[in-house]
Amino acid sequence: MNDVEKPDLKSGVSSLSLPEDGKLLGVVDGEDVVVVRRGTDFFAVSAHCTHYGGPLAEGLLIEDTVRCPWHHACFDLRTGEALRAPALDPISCWKVEKHGDKIFVREKLKPSAPKKVVNAPSSVVIAGGGAAGLAAADMLRREGYEGPLTIISADDAPPVDRPNLSKDYLAGTAQEDWVPLRSSDFYRDRKIELLLSSRISSLDTKRKIVVLENGKQIQFDALLLATGAEPIHLPIEGATDSQVQYLRTFADSKAIIARAVSAKRVVVVGASFIGLEVAASLRARGITIDVVAPENQPLEKIMGPEIGRFIRKLHEDHGVTFHLGQTVKRMDGRKVILSGGQRLEADFLVLGVGVRPTIALAEQAGLAGDRGIAVNEYLETSAPGIFAAGDIARWPDPHSGERIRVEHWVVAERQGQVAARNILGRREKFDAVPFFWSQHYDVAINYVGHAEKWDRIEIDGDLNARDCAATFKRDGRTLAVVTISRDLQSLQAEADMEALQATQNQKIA
Ligand SMILES: Cc1cc2nc3c(=O)[nH]c(=O)nc-3n(C[C@H](O)[C@H](O)[C@H](O)COP(=O)(O)OP(=O)(O)OC[C@H]3O[C@@H](n4cnc5c(N)ncnc54)[C@H](O)[C@@H]3O)c2cc1C
Ligand code: FES
């Protein structure tokens with residue numbers, strides 16, 4: 001809809017044009033605004049999500065919130081607050097005036113005042129400057145925590161939009177200054193001390209001290225461990241260091257881009273999400289790509305054979321060549337020799353063969369582990385006052401009934417947010433339905449829930465027409481839903497899983 005077609009909400013629109021629980025996209029002083037009707041209440045909020053600008057007019061309304069169709073951020077319609085990541089900033093809200101049958105939107109409301117905290121810890125240290133760490137620091141300040149707050153990160157870059165490193169930034173369609181999650185002003189204004197290039201080498205849970213590799217000791221009252229994961233390294237016989245690239249950090253992505261400038265052929269090892277996103281982004285740079293992976297279909301273990309076949313075809317249609325059921329045996333100069341004997345040419349390799357959680361610190365400190373760090377429903381580790389969030393944390397997921405650990409951006413951020421509130425004594429359970437997205441060329445795949453094993457996949461719609469929802473079931477129960485071009489259905493699936501859980505909780509109570 002262009003601006004000419006959008007009603008000017010300042011001049012008023014008929015309230016009758018809005019059905020109950022309906023949305024209307026209009027403009028106020030040149031800004032896109034959505035008017036939402038919930039029963040007899042009307043709300044007016046920004047039309048664009050503060051994450052990547054997703055269209056909130058196409059989102060899902062749940063109680064007095066709106067959820068973004070792209071990556072499921074959630075905003076409070078009354079205050080504009082970003083209640084759930086991946087959006088961290090609020091949307092603007094306007095006052096809605098009702099005169100007779102007409103509603104008018106004229107006045108932008110002031111952001112709500114920060115909350116007041118009681119019983120706050122005397123200091124908070126966050127180990128890790130990634131998704132969970134940044135979201136936690138942001139939430140601590142939003143919740144009104146005013147005490148000393150330090151993020152300690154082994155990375156030399158401030159917290160970055162990691163998913164972008166394999167997508168638009170790597171493809172050359174996102175500028176470098178889009179990658180940091182926050183500007184330096186953010187840390188200064190909120191008095192968040194950001195210690196970069198600072199690896200914590202040990203943790204003393206009794207004395208409440210972390211020790212950095214340079215010997216510096218930092219005391220904490222509350223601690224969040226958010227040390228994420230690191231790529232699994234695969235030794236490749238005959239390959240020089242400069243021929244092998246991994247992708248986790250901003251520096252890694254920059255290094256691949258620097259090499260891609262003069263490269264003609266790249267071999268991607270691993271048909272994981274990251275491997276395939278790298279393949280797509282390097283294809284956008286005109287590089288010839290071979291993908292080598294041991295499985296029969298890419299992503300088959302996570303998405304099943306049909307979606308795996310679809311993803312493979314999608315990449316093949318963009319010129320990627322797959323060598324499946326194979327591994328790289330060795331390198332000889334620019335020649336890559338596969339287990340089946342085939343020889344490929346490559347200027348360099350990108351290895352995307354999985355990650356392992358960075359738990360050395362927690363292990364050294366004697367925290368209980370469980371193929372990651374074991375946390376309870378409040379994301380607290382076996383040491384009281386020490387929380388863990390993100391790729392390292394294995395938590396009791398109420399939806400699957402299993403203790404799970406995932407490597408999803410949104411989950412890491414949301415766990416960071418819940419851990420922050422629990423550091424402030426809220427005792428909030430982490431019960432969000434896991435969600436992730438992945439982007440391949442112009443196809444976005446959304447996944448809600450968690451299915452490690454299933455006995456049935458029901459596909460509704462047409463996969464090849466890129467318009468479908470696949471429901472993963474076990475014993476008749478929905479565990480996960482994958483959607484392509486069905487954003488609202490993905491949001492609804494998430495809401496249904498939450499509602500089911502709420503009903504079960506009520507029965508138990
Ligand atoms: C290229 C790429 C693309 C991705 N795309 C997607 C996507 O599209 N969708 C999705 O859902 N997920 C995606 N992911 C996964 C997602 O980025 C992770 O799940 C998420 O970053 C995990 O957040 P985290 O805070 O747990 O860890 P991280 O973001 O990895 O942060 C960990 C931090 O801890 C620091 N650290 C580690 N050890 C120490 C130590 N001893 N002392 C101090 N600091 C330490 C690290 O330097 C880092 O700053 C992607 C990941 C990558 C690498
Ligand atoms: S654009 Fe709204 S959540 Fe990403």
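In region 42-132, what trypsin sites (Lys or Arg not before Pro) fall in a loop by DSSP, with at most 13 other Cβ atoms inside 10 Å?
Passing sites in region 42-132 are 115, 116.
Round to a whole angstrom and tell me the spacing of the C-alpha centers of region 431-468 and region 413-427.
Computed from Cα coordinates, the inter-centre distance equals 28 Å.
Students often forget the sequence filter, so: which lysines lie under 19 Å Cα-Cα from residue 429 once same-chain residues fewer than 8 apart are removed?
Of all the lysines, those that pass the test against residue 429 - Cα under 19 Å, at least 8 places apart if same chain - are 507.
Distance from a point 7 Å along Cα→Cβ of residue 190 to each backbone N in region 117-146: keep the residues under 16 Å and list them by number.
Only 117, 124-146 fall inside the zone, counting backbone N under 16 Å.
Which aspartates and glutamates have a Cα lying under 19 Å from the Cα of residue 254, excluding residues fewer than 8 positions away in the same chain?
Cross-link targets: 155, 156, 161, 168, 176, 177, 230, 241, 277, 347.
What Rg and what Dmax come out for region 268-326 when only alpha-carbon atoms are used, in angstroms?
10.3, 30
Principal axes first, then extents: for the Cα atoms of the chain, list largest minus smallest coordinate on each axis, whole Å, largest first.
Largest first, the chain extends 79, 59, 48 Å along its Cα principal axes.
Using 0.36 nm per residue of separation minus the Cα-Cα distance, give me the extension gain between residue 485 and residue 242 in nm, one decimal.
83.6 nm
Could you tell me which GluC sites (Glu not before Pro) in region 141-179 are loop residues by DSSP with no more than 13 other beta carbons within 10 angstrom of their beta carbon?
Listed in order of number, the matching sites are 146.
Looking at the chain, what % of its DSSP beta bridges pair antiparallel, to the nearest 5?
Around 70 percent antiparallel, to the nearest 5.
Please give the FRET efficiency for residue 52 paired with residue 6, using the beta carbon to beta carbon distance and R0 = 35 Å, rounded to the nearest 0.05.
For R0 = 35 Å, the calculated efficiency reads 0.95.
Just the C-alpha atoms of region 92-250: what Rg/Rh do they give, with Rh taken as the Kirkwood radius?
That ratio equals 1.12.
Between Rg and the Kirkwood Rh of region 153-196, both from Cα atoms, what is the Rg to Rh ratio?
Taking Rh as the inverse mean 1/r over Cα pairs, Rg/Rh reads 1.03.
Give a quick list of trypsin sites (Lys or Arg not before Pro) in region 346-406 that DSSP marks as loop, anything other than H, G, I, E or B, with at most 14 other Cβ atoms within 10 Å.
Filter output for region 346-406: 371.
Using the charge dipole of the chain (Lys, Arg: +1 at Cβ; Asp, Glu: -1 at Cβ; taken about the Cα centre), state which of 35, 61, 72 has its Cα farthest towards the positive end.
About the Cα centre, the residue reaching furthest to the positive side is 72.
For region 36-78, what is the largest minus smallest coordinate of the Cα atoms on each principal axis, given in angstrom and ordered from greatest to least?
31, 16, 15
Cut-off is 10 Å between beta-carbons; in what order do 93, 468 appear when sorted fewest neighbours first?
Starting with the residue having the fewest Cβ neighbours, the order is 468, 93.
With only alpha-carbon atoms in the gyration tensor, what are the semi-axes of the equivalent ellipsoid for region 1-41, in Å, largest first?
The answer is 19, 9, 9 Å, longest axis first.
For residue 129, list long-range residues whose amide hydrogen, built 1.01 Å from N in the peptide plane, is under 5 Å from its own amide hydrogen.
Amide H neighbours of residue 129, under 5 Å, 5+ apart: 154, 155.
Taking 41 Å as R0, compute the FRET efficiency from the Cβ-Cβ separation of residue 264 and residue 89 and round it to 0.05.
Plugging the Cβ-Cβ distance into 1/(1 + (r/R0)^6) gives 0.50.
Counting pairs on different chains as well as pairs 8 or more places apart, how many Lys pairs in region 41-123 have Cα atoms under 26 Å apart?
Within region 41-123, the lysine pair count is 8.
Of all beta bridges DSSP finds with both residues in region 6-100, what is the antiparallel percent, to the nearest 5?
Beta bridges within region 6-100, antiparallel portion: roughly 95 percent.
By its C-alpha gyration tensor, with a ≥ b ≥ c as the square roots of the eigenvalues, how is region 173-332 shaped: rounded for a/c under 1.5, else prolate for a/b larger than b/c, else oblate?
Because a/c hits 1.5 or more and a/b exceeds b/c, region 173-332 counts as prolate.
Give the Debye-formula value of log10 I(q)/I(0) at each listed q (0.12, 0.14 Å⁻¹), with one equal scatterer per alpha carbon of region 1-137, two decimals each.
Debye curve over Cα of region 1-137, log10 I(q)/I(0) at q = 0.12, 0.14 Å⁻¹: -0.52, -0.66.
Values quoted throughout were computed directly from the atomic coordinates according to the rules given, and no laboratory measurement underlies them. Note that the structure is predicted; figures quoted are calculated from it, not measured. Note that we place each Cβ from the backbone using ideal geometry, even for glycine, and neighbour counts take in every protein chain shown.
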